[in-house]
Amino acid sequence: MNSNRKLIFICGGSDCKKCGSKELRKEIQRETKTGELKGSCKIIRTKCMDFCKSGPVVIVGEQIIKKATSQKVFTQLKKS
Ligand code: FES
């Protein structure tokens, strides 16, 4: 595995799913397969991360993104 790949952890727990984590994951997957982010990220679906009230929850690097949107995730990816 390319060690420079950034890991994106997306909660797949039921509360986050209700808040749209599945759609968010698909959107991020689509974006990271094309364009400038192609091949630079690895998406990992996790179990509940215990931030259910703030779903969908995504972790990029050491940053926890609560109420995540694709925009917030891509902004964080560019920073990290
Ligand atoms: S379901 Fe996502 S943090 Fe609990």
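The values are calculated or read from the model by the stated rules, or taken from the named source; none is laboratory data. Everything numeric here is computed off the predicted structure, so don't read it as measured data. Note: ideal-geometry Cβ built from the backbone for every residue, glycine included; neighbour counts use all protein chains shown. SASA here: full protein model, heavy atoms, side chains in, ligands and nucleic acids out. Shrake-Rupley method; radii C 1.70, N 1.55, O 1.52, S 1.80 Å.
Helix 70-79 against the longest principal axis of the chain: what's the angle in degrees, Cα atoms only, rounded to the nearest 10? With rounding to tens, the tilt is 50 degrees. Per atom type, the chain shows carbon and sulfur on 48% of its accessible surface, probed at 1.4 Å. The relative contact order of the stretch 1-43 comes to 52 percent, based on Cα pairs under 8 Å that sit 6 or more residues apart. A 1.4 Å probe, protein heavy atoms only, puts the accessible area of residue 31 near 80 Å².
Compared with the direct C-alpha span, the chain from residue 46 to residue 14 gains 10.4 nm at full extension, assuming 0.36 nm per residue.
Under a Gaussian network description of the chain, with springs only between Cα atoms under 10 Å, the residue in 20, 55, 35 that fluctuates furthest is 35.
Among the listed pairs 18/38; 6/47; 18/66; 17/72; 22/47; 26/47, a Cα-Cα separation exceeding 24 Å is found for 18/38.
Using a probe of 1.4 Å, the accessible surface attributed to residue 75 totals some 70 Å² when neighbouring protein chains are kept in position. Cysteine residues of the chain whose C-beta has no other cysteine C-beta under 4.7 angstrom: 19, 41, 48, 52.
Please give the solvent-accessible surface of residue 52 in Å², to the nearest 10, using a probe radius of 1.4 Å with every protein chain present. Accessible area, nearest 10 Å²: 50 Å². Once the 1.4 Å probe is applied to the protein heavy atoms, the chain comes out at 66 Å² accessible per residue.
Bridge orientation summary for the stretch 8-80: considering DSSP beta bridges with both residues in this region, about 60 percent are antiparallel. Relative contact order, whole percent, for the chain stands at 36, derived from Cα pairs under 8 Å and 6 or more residues apart.
Residues 23, 62, sorted by accessible area with the largest first, give 62, 23 [1.4 Å probe; ligands and nucleic acids excluded].
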